[in-house]
Amino acid sequence: MLNQFQSLDRFLIEHQAYWRFEPFFDSVQPDLLWHEVNPDLCQWLESLSPQQISAYKQNNKALVDDMADHLSCIRAIETWTTIAQSQRVGLTLPRGVDNGVPGRKLEQILAMGETVIGDHHGREWLEWCSGKGFLGRILASHTQQKVTSFEYQQTLCESGQKEADRQGLAMHFVQGDALSEQASQAFHSEQHAVALHACGDLHVSLIQHATKKKLPAITLSPCCYHLVSSEHYQALSKLGQASDLALTRQELRIPLQETVTGGERVKRHRIEEMTFRLGFDLLLRDVTGNQVYQPVPSIKKSALALGFEAFCRWASEQKGVGLPRLDYAHYEQLGSTRYWQMERMSLVQQPFRRALEIWLVIDKALYLQERGYQVTLSEFCCRDTTPRNLLIHAVKR
C-alpha cells in the first residue's frame, strides 16, 4: 500500500492538468483546456458525437482503451487502481430481517455483512452512523452478538429499535453526534466497528475514536469525501500529510461524479436541468454583463417540464434580475452545446476519479497501519451495485 500510495501521489501531481478542473465552469470556454499542450487529444474529443460521449460515460474501460492513444499516461492508472474483490458465497437471511430495505441497498448490505462476518474480531459489534440498523440486523441475526447502533437522528433510532425488538435481535440504538467527543463513549475494546458509506468527517471520526479505544477490528466503506469542515483535505497518514497534492473540498467531489443508479428518466432529467442551467448562465452573462457564474437554487424536477423559458423566468426571479425580450430558443441551444462540451471535458477527468479515491482510501489505511493495525483493502461488491465499493478492513495486531 505504501508503494501504491507513493506511485499514485506522484502520478496525480504530475498529470494534474488532466483532472484538476471543473467541467461545469470551464465549459464556458470555446476551446478545450488542452488545445495547446495536447491538440491531438482535443481533436479526438471534438470528433465525438453525443452518443459516443454517453457510451464512454458508462464504459470506463472502453474510454481508457481509446483515449490512451491520445493521452498515454492513463494506461498506468489500471495498475494502481485494480483492487481484489471479496470472495462471497452469499448469505441466507432469516425471514423478515430485510424488512424495509431497498433492493440496491440490500445488495450492498449483504455484501458487506458477509465480508465482515467472515473475518470478525471481538465479541460485539458497533454499527457507526447506522440509520435504521439494516446492517446491524444482519450482524445480530447471524452472530447472535450484541450490536450497538449509533445514529444521529432520533426518529431513525426509534424506528430501528422498534423493528429490532420485534425481531428479537440483540440491538441497542444510541442517539448521538458522531462528531462530538461524547461519541467516544459508544466505543469499547470488545467491539468490531463497522460503517457502510459513512460520509467525510463521520468516517474519519470513527477511525480516530476506534484506534484510540484500541478496538480489535474496524471495517468501513468511505463515502462523500467532500463532506468535511475544512476547505482542504486533512490527510491522516504521515505520507498523506507530506504530500503536495493539497486537495480542495471541491476536488474531493471528483471521485463521486460516477453514478450507476437511476434509469433513462433520471439521465434525461439531468441532461435537461444541466442544459437549462448552462443556457441560463450564458443568458445572464449577456443580460447583466457580469461574467462570473451566479448559482441558482435547486428546482423540482417536475418544473423542468414547463420548458426553458419558464426556467429562465423562475431563475431570474430568484436572482432579482429583470429579463428583456429574448430569443430563448437560441440560449437553450447554446446551453445544449455547452452541456456536451462539459461532458466531453469530463471524459478526460473520468479515468482519474478512481485514482483519486484510492489515494484517499489508502491514506486512511496507512494511518490505521501506523496505529498498529493489519489492514487490507478490497472491493466488497461490484461497481454496478455501487461505485463506492472500497472496503478498509483493519485488525489490531
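The values are calculated or read from the model by the stated rules, or taken from the named source; none is laboratory data. This structure is a prediction, so every number in the text was calculated from the model and none was measured. Please note: Cβ atoms are built from the backbone with ideal geometry, for glycine as well, and neighbour counts cover all protein chains shown.
Conditions tested, residue by residue: (1) among the hydrophobic types (A, V, I, L, M, F, W, C); (2) loosely packed, with under 15 Cβ neighbours inside 10 Å; (3) over 28 Å from residue 51 (Cα atoms).
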residue	(1), (2), (3)
291	no, yes, yes
307	no, yes, no
315	yes, no, yes
318	no, yes, yes
327	no, yes, no
Of (1) without any contact (Cβ under 8 Å) to a residue 60 or more places away in the chain; (2) among the aliphatic types (A, V, I, L, M); (3) within 30 Å of residue 133 (Cβ to Cβ); (4) not assigned by TED's automatic domain parsing to the domain that holds residue 196, residue 17 satisfies every one except (3)
Exactly one condition in (1) outside any loop (DSSP other than H, G, I, E, B); (2) farther than 30 Å from residue 43 by Cα; (3) out of contact with any Gly (no Cβ under 8 Å at 6 or more places or on another chain); (4) modelled with pLDDT of 90 or more is not met by residue 105; state its number. (4)
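Applying the selection to the stretch 219-232, what residues are within 15 Å of the chain's Cα centre (by Cα) and surrounded by 18 or more Cβ atoms within 10 Å (Cβ to Cβ)?
Of the residues in the stretch 219-232, the ones within 15 Å of the chain's Cα centre (by Cα) are 220-228.
Those that are within 15 Å of the chain's Cα centre (by Cα) and surrounded by 18 or more Cβ atoms within 10 Å (Cβ to Cβ): 220, 221, 222, 223, 224, 225.
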Looking at the stretch 314-335, I want the residues that are farther than 12 Å from residue 279 by Cα and have a partner that is charged (D, E, K, R) with Cβ atoms under 8 Å, at least 6 apart or on another chain. Which pairs are those? 323/313
Number of the exception - residue 9 against (1) out of contact with any helix residue (DSSP H, G or I) (no Cβ under 7 Å at 6 or more places or on another chain); (2) surrounded by 13 or more Cβ atoms within 10 Å (Cβ to Cβ); (3) farther than 14 Å from residue 349 by Cα; (4) among the charged types (D, E, K, R): (1)
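For the stretch 363-382, which positions are among the aliphatic types (A, V, I, L, M) and outside any helix (DSSP H, G or I)? Spell out how you get there, then give the answer.
Our first condition is that a residue be among the aliphatic types (A, V, I, L, M); within the stretch 363-382, this holds for 365-366, 368, 375, 377.
Answer for the stretch 363-382, where residues must be among the aliphatic types (A, V, I, L, M) and outside any helix (DSSP H, G or I): 375, 377.
Would you point out which residue out of 146, 132 is of a type in the set (Lys, Arg) and within 26 Å of the chain's Cα centre (by Cα)?
Working: 146 fails: within 26 Å of the chain's Cα centre (by Cα).
Criteria check complete, one pass: 132.
Can you tell me which residue among 277, 270, 285, 313 is in the same structural domain as residue 338 (by TED's automatic domain parsing), at pLDDT below 95 and assigned to a helix (DSSP H, G or I)? Show your work before the answer.
Details: 277 fails: at pLDDT below 95; 285 fails: at pLDDT below 95; 313 fails: at pLDDT below 95.
None of the other options fit; the residue is 270.
When residues of the stretch 132-166 are filtered for being within 20 Å of residue 92 (Cα to Cα) and surrounded by fewer than 16 Cβ atoms within 10 Å (Cβ to Cβ), how many remain?
Total meeting the criteria: 2.
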